[in-house]
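Chemist: Before we start, here is the structure in question, set down as structure tokens.
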Amino acid sequence: MKLLKPFSWKEIRESLFSIPITKSPGPDGFGSGFFKALWNDIGDEVCAAITHYFESGIFPTELHETTLSLIPKVANPSRVVDYRPIACCSTLYKCMAKLICKRLAHILPDLIQPNQGAFVKGRSISHNIMIFQDLIKNYGRASTSSRCAIKIDLRKAYDTVDWDFLENLLKALKFPMKFIGWVMACVRNTSYFLLMNGRIQGKFKGGKGLRQGDPMSPLLFVLIMEYLTRSLQQAALNSPFRYHPMCKGSLAAVRVVKGVLDSFASATEGFFPLNYLGVPMRPTKWKHEDCEVILQKFRLKIQNWVSRHLSFAGRIQLINSVLLGLRNYWMSIFIFPQSIVKDIENICRGFLWGSARQRSKLHIPSWQKVCLPKAYGGLGFREGATWNRAVLAKYVWTLSAKPDLLWVKWIHSIYLKGVNLWNYGLIADCSWYWLKLCHLRDHFRPADINSAGVQGRFKTARLYNSLLVQQRDEFY
């Protein structure tokens, strides 16, 4: 059984060294940087200890001690629910949890239904967003039959997971008892130190829930949601409830859905635009006001930074890692309106060059020059419109390279129907996001997109850089 195969010292070292030195340490104060710096002296002892813990199945309680840091979720928090509790686990625990996760990640694709895309190897959560766009494409039409969408609020689901339920679920899925023992030892033996105002304010034992910040928590929650998926499938076999568009929304069907959801969360009726996986959903294309939430996040970040004395290099780093990172997530899902692309670039330009007396300082090189790779004399930023198209080209590549994905099967069933994308003729009744993806054919050749796929992965930067016509900087 691969799950129970003994962990080699090489695996333990790789697991520990994969933890960035910037990660917060647990209550003991020893971060991964400490272990990396002294590995030649203490590495053998660490490996021997971790190997012993897994062989015996007994994990010292000190390993599970966690510092609980409260991160505000809103600008001016005034209630407990306005904070997100982040668990700062000890470095050795993170190492052990990563080892368990590595084994678990290999079997999740065989256990989890295709409708779950998050945290499952080889899948993408953005594909679920694409499918949802297709499901709601006719919701705004007056001639369409009456329809509804139910949104399940899972924001507090991590905090309310019952440990006995989790253990019984793992047993029902036929996990080895020894492996279940490892997982439940990590889940049940938790204790927390509350960190407030830079000081530890007491200690308490955990009673339920999964820890935000624990490497295992996302994978375990995926398994829990698999239970919900199978419950809905079972309900569809033996009741009036059917999947979209066969469900007629009768009282009997709604009662069946409510019965399935009672143990997870209360179901509420939504409206468009609603948020799905943090992204606004609507039957028609994005409007400027839908993207205003992105601009607002940019402005809040800038407001927090302008009061600090940041160097030019510091501003570059914040733009690249935070602002453009936020932009890139949204761009990986939709084509932005050009007005939004320009607004984002204006915000980044103003922050990069600074301002004096309410006026922007001189922008020395053009934004096009700044957005070149460093090897071409730029700062490594990516020009918005071109990068947006290059990111979404990943989906064009996925249609031919990943035939087993749920979204790919959906597109071939609903739209392509055996036709190659490059020979496909657009139909009138298609979702707006599919229309945008098809228009990418005007900007790329098949060879350009295929060359960006390397060893089963799509390299967006490779496609983006192939569009640049600048010469390399000979002094780089």
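Chemist: Go through region 54-77 and count every residue that is of a type in the set (A, V, I, L, M, F, W, C) and loosely packed, with under 14 Cβ neighbours inside 10 Å.
Modeler: Count: 4.
Chemist: Another question about this same structure. For region 2-34, enumerate the residues that are β-branched (Val, Ile, Thr), buried (at least 18 other Cβ atoms within 10 Å of the Cβ) and outside any helix (DSSP H, G or I).
Modeler: 19
Chemist: Residue under question is residue 94, and the condition is that it be among the charged types (D, E, K, R), part of a helix (DSSP H, G or I), at pLDDT 90 or above and open to solvent by less than 30 Å² (accessible area, probe 1.4 Å); does it hold?
Modeler: yes
Chemist: A further question on this structure: Report yes if some residue within region 147-166 is at pLDDT 80 or above and loosely packed, with under 12 Cβ neighbours inside 10 Å; otherwise report no.
Modeler: yes
Chemist: To continue, here is another question. Among residues belonging to region 78-87 that are open to solvent by 20 Å² or more (accessible area, probe 1.4 Å) and assigned to a strand (DSSP E or B), point out the one that is nearest to residue 48 (Cα to Cα).
Modeler: 86
Chemist: Have a look at 109, 20 and point out the one that is out of contact with any strand residue (DSSP E or B) (no Cβ under 6 Å at 6 or more places or on another chain) and closer than 30 Å to residue 300 by Cα.
Modeler: Only one candidate qualifies: 20.
Chemist: Since residue 212 meets every condition but one in (1) farther than 25 Å from residue 4 by Cβ; (2) assigned to a helix (DSSP H, G or I); (3) not hydrophobic (A, V, I, L, M, F, W, C), which condition does it not meet?
Modeler: (2)
Chemist: Can you say whether residue 253 is surrounded by 11 or more Cβ atoms within 10 Å (Cβ to Cβ), at pLDDT 75 or above and either more than 23 Å from the chain's Cα centre (by Cα) or closer than 30 Å to residue 341 by Cβ (or both), as far as the supplied structure shows?
Modeler: For residue 253, the condition - surrounded by 11 or more Cβ atoms within 10 Å (Cβ to Cβ), at pLDDT 75 or above and either more than 23 Å from the chain's Cα centre (by Cα) or closer than 30 Å to residue 341 by Cβ (or both) - is not met.
Chemist: Residue check: is residue 115 open to solvent by 30 Å² or more (accessible area, probe 1.4 Å) and either among the aliphatic types (A, V, I, L, M) or modelled with pLDDT under 85 (or both)?
Modeler: Yes, satisfied.
Chemist: Counting just the residues of region 431-466 that are surrounded by 14 or more Cβ atoms within 10 Å (Cβ to Cβ) and β-branched (Val, Ile, Thr), which one comes out nearest to residue 371 (Cα to Cα)?
Modeler: If we take residues in region 431-466 being surrounded by 14 or more Cβ atoms within 10 Å (Cβ to Cβ) and β-branched (Val, Ile, Thr), then 460 is nearest to residue 371 (Cα to Cα).
Chemist: Okay, next question. Do the conditions hold for residue 196, that is, is it of a type outside the set (Ser, Thr, Tyr), farther than 30 Å from residue 5 by Cβ and out of contact with any strand residue (DSSP E or B) (no Cβ under 6 Å at 6 or more places or on another chain)?
Modeler: yes
Chemist: Further question on the same structure: Within region 35-53, can you find the residues that are aliphatic (A, V, I, L, M) and part of a helix (DSSP H, G or I)?
Modeler: 37, 42, 46, 48, 49, 50
Chemist: Here are 100, 42, 129, 71: which of them is within 18 Å of the chain's Cα centre (by Cα) and either at pLDDT below 85 or farther than 30 Å from residue 399 by Cβ (or both)?
Modeler: 129
Chemist: In addition: Say we look at region 378-424 and pick out the residues that are open to solvent by less than 30 Å² (accessible area, probe 1.4 Å) and among the small types (Gly, Ala, Ser); which of these is farthest from residue 434 (Cα to Cα)?
Modeler: 378
The values are calculated or read from the model by the stated rules, or taken from the named source; none is laboratory data. Worth saying up front: this structure is predicted, and the values here are computed from it rather than measured. Glycine gets a Cβ as well: all are built from the backbone with ideal geometry, and neighbour counts include every protein chain shown. Surface accessibility is based on the protein's heavy atoms, side chains included, excluding ligands, DNA and RNA. Shrake-Rupley method; radii C 1.70, N 1.55, O 1.52, S 1.80 Å.
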